[in-house]
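The values are calculated or read from the model by the stated rules, or taken from the named source; none is laboratory data. This one's a predicted model, so the numbers in the text were calculated from it and none came from an experiment. Positions of Cβ are generated from backbone atoms using ideal geometry, with glycine treated the same way; all protein chains shown enter the neighbour counts.
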Amino acid sequence: MAAAMTNLPESDSLPPLARHAVHVFGERGLAPEGVVRDDTLAAEVPVALVFNGVSHAVMMATPQDLEAFALGFALSEGILDSAADCRGIDVRVIDASEAGLPEGMPGIEVQLDISTRSFERLKDRRRSLAGRTGCGVCGVESFAGLDLSPQRVPPRDWIERVDLATVLRAFAAMSPRQLLNAEAGAIHAAAWATVDGELTDLMEDVGRHNALDKLLGKLARANRLDEPGFVLMSSRGSHELVRKCARLGIAAMATISAPTAMGVRMAELCGLRFWGLCRAPRGVLYADGLAVAASGSASTASATASMP
């Protein structure tokens, strides 16, 4: 059952891009004194996630697809067990003066109505993630709070179909669909592809974690988290991305840049197939997503592959 969505705007409340006058120097053909022109910048807005009236986190995010972002965040951070635990989402722009922000910098509040069970668990966690741009583990009070032992991803009989050719096919289709990044740069993307490498969904945000949460939220709303496929990221492969995917049963992920050592180790522990440095014709398989040995180490070491 998908989460109920109420009082949602047909379009985003604030634009995801902004225009700003800049002074450009050193460009071929320009006079030494340069030239003033308009530039397109990525919007970065404080987004407060409020659960049953209690503010839990303030994230710096691109003001687009915020309903999907809020649901994906709640699921990937373990606040909700399923989309059905969210009974409604309401998005509201907060005036800068009301939010206590500088003039001309409004905020956005996303209110989620969640089940009593989920809310009680959230209160028990006593975690604050305020102020990050989709990065870090702010507010964690101890090593135990890092959540570095993700649950195992269920075995998938199709996992070996996520090979280099499939991954590179999906990445080739990714760039043309990054519309915000084409305008402004500075925008990450998270995408979903089938096991044949067909890119079906793409979400963008200034934060890579935010982009992934938007994608996971979109899939959850459509009851598609269990369909065969994999996540692609236009970023490095950090442990938080692996943890978010594993928590929702996503069995494979590919990143355009290199992973961190912790990201690879978490992929090994949870049985997630992990491709990195995916730049045609090359890719590196850091974790194969197959059986894990009793010792806890992966059954294969990382392997580099290239297309002919």
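Would the range 133-154 turn up any residue that is modelled with pLDDT of 95 or more, touching a strand residue (DSSP E or B) at 6+ places or on another chain (Cβ under 6 Å) and either part of a loop (DSSP other than H, G, I, E, B) or within 17 Å of Thr62 (Cβ to Cβ) (or both)?
no
Take the range 29-61 and flag every residue that is part of a loop (DSSP other than H, G, I, E, B) and either without any contact (Cβ under 8 Å) to a residue 24 or more places away in the chain or not acidic (Asp, Glu) (or both).
Across the range 29-61, the qualifying residues are Gly29, Leu30, Ala31, Pro32, Glu33, Gly34, Ala43, Asn52, Gly53.
Quick one: which of Gly88, Gly72, Gly78 is in a helix (DSSP H, G or I) and either at pLDDT 95 or above or touching a Lys or Arg at 6+ places or on another chain (Cβ under 8 Å) (or both)?
Gly72 is the lone residue from the list that is in a helix (DSSP H, G or I) and either at pLDDT 95 or above or touching a Lys or Arg at 6+ places or on another chain (Cβ under 8 Å) (or both).
Within the range 143-162, how many residues turn out to be crowded, with 16+ Cβ neighbours inside 10 Å and within 19 Å of Ala193 (Cβ to Cβ)?
5
Identify, please: which residue in the range 244-259 is out of contact with any Gly (no Cβ under 7 Å at 6 or more places or on another chain) and among the β-branched types (Val, Ile, Thr) and is, among those, nearest to Leu215 (Cα to Cα)?
Ile250
Quick check on the range 22-50: of everything there that is touching a helix residue (DSSP H, G or I) at 6+ places or on another chain (Cβ under 7 Å) and modelled with pLDDT under 95, which residue is farthest from Ser97 (Cα to Cα)?
Here the answer is Thr40.
Based on what the data block shows, is Leu216 under 15 Å from Ala61 (Cβ atoms) and either free of Cβ contacts under 8 Å to residues at least 24 places away in the same chain or outside any strand (DSSP E or B) (or both)?
yes
For the range 233-308, please list each of the strands (runs of 3 or more DSSP E) lying entirely inside it that holds at least 3 residues being more than 20 Å from Asp205 (Cα to Cα) and modelled with pLDDT under 95.
303-306
Quickly run through the range 95-119 and pick out the residues that are surrounded by 17 or more Cβ atoms within 10 Å (Cβ to Cβ), of a type in the set (A, V, I, L, M, F, W, C) and closer than 21 Å to Gln64 by Cα.
Ala99, Ile108, Val110, Leu112
What are the residues in the range 158-206 that are within 14 Å of Ala254 (Cα to Cα), more than 19 Å from the chain's Cα centre (by Cα) and part of a helix (DSSP H, G or I), if any?
Ile159, Glu160, Arg161, Leu164, Ala165, Thr166, Leu168, Arg169, Ala172 - these are the residues of the range 158-206 that are within 14 Å of Ala254 (Cα to Cα), more than 19 Å from the chain's Cα centre (by Cα) and part of a helix (DSSP H, G or I).
Just to check your reading of the model, which residue among Gly72, Gly53, Gly88 is crowded, with 17+ Cβ neighbours inside 10 Å and closer than 23 Å to Lys123 by Cβ?
Selected residue: Gly72, the only one of Gly72, Gly53, Gly88 that is crowded, with 17+ Cβ neighbours inside 10 Å and closer than 23 Å to Lys123 by Cβ.
Please list, ordered by first then second residue, the pairs with beta carbon atoms under 8 Å, 6 or more apart or interchain, first in the range 220-236 and outside the structural domain of Ile250 (by TED's automatic domain parsing), second surrounded by fewer than 21 Cβ atoms within 10 Å (Cβ to Cβ).
Taking only residues 6 or more apart or on different chains, not a single pair turns up.
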